[in-house]
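Data first, discussion second: the structure below is written as structure tokens.
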Amino acid sequence: MTAILDLVQTPSASSDRRAAAGEDPTKRRQILEGARRAFVGLGFDAASMNDVVREAGVSKSTLYVYFRSKEELFRALIECEREAYLAEVEALLTDPGDPAETLLRYGQRLARLVMSPEAMHAKRTVIAVAARMPEVGREFYRHGPQRGLALLSAYLEKACAAGTLEIPDVALAAAQFVELATAGILRRRFFDDEAPAISEDEMARVVASAVRLFMAGYGPRRT
């Protein structure tokens, strides 16, 4: 089980050497997409490297050129999704002059991400081992959610400087908005695997309400 630590840690030198041996980004993406289907469809524990080979449509020898284990594959999936999402968030949080519209777009993107089957599976997998190996959960949080909160906090600071928000505790406000944007839908979906998928309309309604509450509490006071 110690190999699962690799899910959340920086790739090792041996991983770098294997990456150098498998330099085709298209092939790497093909393998990762196959792994995603296998992990989501079968569950991480039940899925095998043979299942990944089948889903990705590559040979086992090709698979091992790029990834040594399913733990390493899962870590790469997390890293890929995380970096793409954080880059997108950074691009969204650019207009301090209109926080209501900016937070609406950000909240909608956040809700879609955290409610996705891939995100649900990743969190469940990490939580499954975090009780025995707390460093797993700690590193997952620091490299993902904590970085996302830092980006949102930086945006809120800019909006406060622009006079479009008045927030005494920016870090707390950032955490509050994230909770508001998924209120009533995230935990239901997370704990009940038979719960129906959340519709786009329902997500939009929750996020719009989150923005209204946030702006009512932190919007500039009119004199």
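General observations
- Pairs of Cα atoms farther than 12 Å apart, segment 22-68, %: 54
- Backbone HN-Hα couplings from phi across segment 86-91 [Karplus 6.51/-1.76/1.60, Hz, Gly and Pro as x]: 5, 5, 5, 4, 4, 6
- Angle of helix 200-218 to the longest C-alpha principal axis of the chain, folded into 0 to 90 degrees and rounded to 10: 50°.
- Counting only alpha carbon atoms, the long axis of helix 134-143 and the longest principal axis of the chain meet at about 60°.
- Rounded to 10°, Cα long-axis angle of helix 99-115 versus longest principal axis of the chain: 30
- For segment 81-218, the share of accessible area belonging to carbon and sulfur comes to 57 percent (1.4 Å probe, ligands and nucleic acids excluded).
- Average accessible area per residue (Å²) across the chain - probe 1.4 Å, nucleic acids and ligands excluded: 52
- Cα-based convex hull volume of the chain per residue, rounded to whole Å³: 139
- Taking one quarter of the surface of the convex hull spanned by the alpha-carbon atoms of segment 45-131 gives a direction-averaged projected area of 7.4 nm².
- Taking the 1.4 Å solvent-accessible surface of segment 22-68 as the whole, the part contributed by carbon and sulfur is 50%.
- Where 149, 63 fall by accessible area, highest first, once all protein chains stay in place (1.4 Å): 149, 63
- Note on the chain: GNM, Cα springs under 10 Å; of 159, 46, 56, the largest mean-square fluctuation is that of 46.
- Legend: Rg and Dmax of segment 136-223, from Cα coordinates, 15.3, 50 Å.
The values are calculated or read from the model by the stated rules, or taken from the named source; none is laboratory data. This structure is a prediction, so every number in the text was calculated from the model and none was measured. What goes into the accessible areas is simple: the full protein's heavy atoms, side chains included, and nothing from ligands, DNA or RNA. Shrake-Rupley method; radii C 1.70, N 1.55, O 1.52, S 1.80 Å.
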